[in-house]
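None of the figures in this text is laboratory data; all of them are computed from the coordinates on show. Bear in mind the structure is a predicted one, so any value in this text is a computation, not a measurement. Backbone-built Cβ (ideal geometry, glycine too); neighbour counts: all protein chains shown.
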Amino acid sequence: MSTATVWPAQAASVPPTLIAPPSLSYELYPPVHRDASDSVHEAIAALEESHPDYVSVTYSGAPHRRRESLRLIEHLVLNTRLRPLAHLTCVGETRESLDVLVRQFLALGVRGVLALRGDLPADPDGDRGELPFARYLIELIREVEDRHTATLAGGRLAVGVAAYAHKHPESPSFQHDVEVLLGKERSGANFAITQVYFDPEDYRKLVAAARAAGVTIPIIPGIIPISTTARLKRLTGMTGIQPPVGLWHALETAGSDAERHAIGTRFARDLARRAFDDGAPGLHLYTFNDHRASLEVIEQLDLPRTRELALPHFA
Ligand code: FAD
C-alpha cells in the first residue's frame, strides 16, 4: 500500500481487519464497429485481472448502440467474472420502453443500474421522452424491482446516479445540482459517481456541500487518465469542463507518446490520491476502452482489493 495514501476508514477508529477496501470500477464503452470490438474485448480481459468490483457499461438510446450495450452486458455476464453496472438513460423514452429495458437487464443477470437522464436532443423540438429527470427513472426502476422481488431473491438492485463536481451545463447553480442529488437519493439512489473533474478541490467541495445538504450516499470520484490533447478537447466538447492549462501544456509539449502516457497517468493517480485523502469510498475510472492507462493508475495506487479478503479462505 502506498504510504502517501490514507484509505477512508483508517482515519476513523475502525480496527484494520474491519476496514472495507475502497471500491474499484471501470467504465466501458460498447464497440461501434469490429476493430473497436477487438479492443474492448482486449480491455475487458486486461481489466479483469485487477479484480474490479464492477464495470459500468455506457448506454445510448440510438437503436444500434442500445443493442451493443445489451450485447456487451451479456458478454460480461456469460463469459467473464466481471459484474456489469448497466447505464440507462430516460431521454426520448416512454415509461413502457424503460420498463422493458429494466426487465431485459434483470433477465440478463444485471443487478446494478446507473440511472441517468441523458443529454437532451440538440433540436428543441426533439423527443425528450416521458420522464424529464433522472429521479423519475430511479422511481420507475424501483417499481420494476418491486414486481420482481422473486427474481432478485428478495434482494434489491443497486441504483447509482450522476453527481457533478462542476455545475451541470443546464443547471442554474452548483447548489442546485446538490439539491438534485439529494432528490435522487430520496427517490432511491444508493450511490453516485461524479462526472470527470481535474481539480481535487472540486471533489472535496462537492462532498462537503452534499453532506451539508443531507446527502448520505457514497459519492465515488470519476477520474479519467488522459494522454492526448485530442482526447482532452473531445472531453471538453462532451462535458463543457475546461482542463487545467498546465496539463494541456504538458501534453502538448511532451516529446513522445510514452511521455504523454506517463503525464496522464500521473495526473489521474494524484487526483485519485487526493480524493482518497478526502475520504472517497472508491474510485471509478473512465477508460475510453484504453485499459493500459487505467491499470497503471491502479498499480501506482496499490489499492487493497475486496477479492484479497476472500482468498485466504481458499489457501
Ligand atoms: P438529471 O439528474 O435529471 O439532471 C439533468 C438536469 O436537470 C440538471 O441540470 C439538473 O440540475 C436538472 N434537474 C434535475 N431535476 C430537476 C428538477 N426536479 N427541477 C429542475 N431541474 C432539475 N450519458 C449518456 O447518454 N449515456 C451514458 O452512459 C452516460 N453515463 C454517464 C455516467 C456518469 C458517471 C455521468 C456523471 C454522466 C453520464 N452521462 C451519460 C451523462 C448524463 O446523461 C448527462 O450529464 C445528462 O445531461 C444529465 O443526466 P443526469 O442523470 O445527471 O440528469
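Using the average count of surrounding beta-carbon atoms within 10 Å as a protection proxy, the listed peptides 179-185, 98-104 rank, highest first, as 179-185, 98-104. What the phi angles of region 206-214 give under the Karplus curve with 6.51, -1.76 and 1.60, with θ = phi - 60°, is a coupling list of 4, 5, 4, 5, 5, 5, 5, 7, x Hz, glycine and proline written as x.
Once a ≥ b ≥ c are taken as the square roots of the eigenvalues of the Cα gyration tensor of the chain, is the result rounded (a/c under 1.5), prolate (a/b larger than b/c) or oblate (a/b not larger than b/c)? Here the chain falls in the rounded category. The listed peptides 143-151, 118-126, ordered by packing as a protection proxy, come out as 143-151, 118-126 (highest mean of other Cβ atoms within 10 Å first).
What is the spin-label model distance, in nm, from THR151 to ALA122 if the labels are put 7 Å beyond Cα along the C-beta direction? For THR151 paired with ALA122, the spin-label model returns 3.6 nm. Rounded, prolate or oblate, given the Cα gyration tensor of region 98-153, with a/c below 1.5 counting as rounded? Since a/c reaches 1.5 and a/b is larger than b/c, the shape of region 98-153 is classed as prolate.
If you sort the three axes of the alpha carbon gyration tensor as a ≥ b ≥ c, you get a/c of 1.5 or more for region 22-153 and a/b no higher than b/c, which makes it oblate. Share of Cα-Cα pairs in region 17-81 beyond 16 Å, in percent? In whole percent, the long-distance tail amounts to 48. Eigenvalues of the alpha-carbon gyration tensor of region 140-266, scaled by 5 and square-rooted, set the equivalent ellipsoid semi-axes at 34, 18, 12 angstrom, largest first.
For region 134-144, backbone phi angles converted through the Karplus equation (6.51, -1.76, 1.60; θ = phi - 60°) give residue-by-residue couplings of 4, 4, 6, 5, 4, 4, 5, 4, 5, 5, 4 Hz, Gly and Pro being listed as x. Relative intensity of region 161-209 on a log10 scale, I(q)/I(0) at q = 0.21, 0.24, 0.26 Å⁻¹, equals -0.69, -0.89, -1.03, per a Debye sum over C-alpha point scatterers of equal strength in the absence of solvent. Among THR149, ALA165, PRO121, which residue has its Cα positioned farthest towards the positive end of the charge dipole of region 116-213, with +1 placed on the Cβ of Lys and Arg, -1 on the Cβ of Asp and Glu, and the dipole taken about the Cα centre? After comparing all options, I get THR149. Residues whose amide H falls under 5 Å from that of ILE224, counting only those 5 or more places apart or on a different chain, are TYR197, TYR286, with hydrogens built in the peptide plane. What's the center-to-center distance, using Cα atoms, between region 50-108 and region 134-188 in Å? Rounded to whole Å, the Cα centres lie 16 Å apart.
Helical content of the chain, expressed as a calculated mean residue ellipticity at 222 nm, amounts to -14500 deg cm²/dmol (DSSP H runs of 4 or more residues, -39,500 (n - 2.57) each, divided by residue number, nearest 500). Ranked by the mean number of other Cβ atoms within 10 Å of their residues, highest first, the peptides 50-59, 163-172, 25-34 come out as 50-59, 25-34, 163-172. In this label model, VAL77 and SER256 are separated by 4.5 nm, measuring between points 7 Å along each Cα→Cβ vector. Placing +1 on the Cβ of every Lys and Arg and -1 on the Cβ of every Asp and Glu, with nothing else charged, gives region 194-315 a dipole about its Cα centre of roughly 260 debye. Computed extension length for ILE19-THR306: 102.3 nm, one decimal, from 0.36 nm per residue of separation with the Cα-Cα distance subtracted.
Each residue, ARG211 and GLU143, gets one label point 7 Å from its Cα in the Cβ direction; the gap between the two is 3.6 nm.
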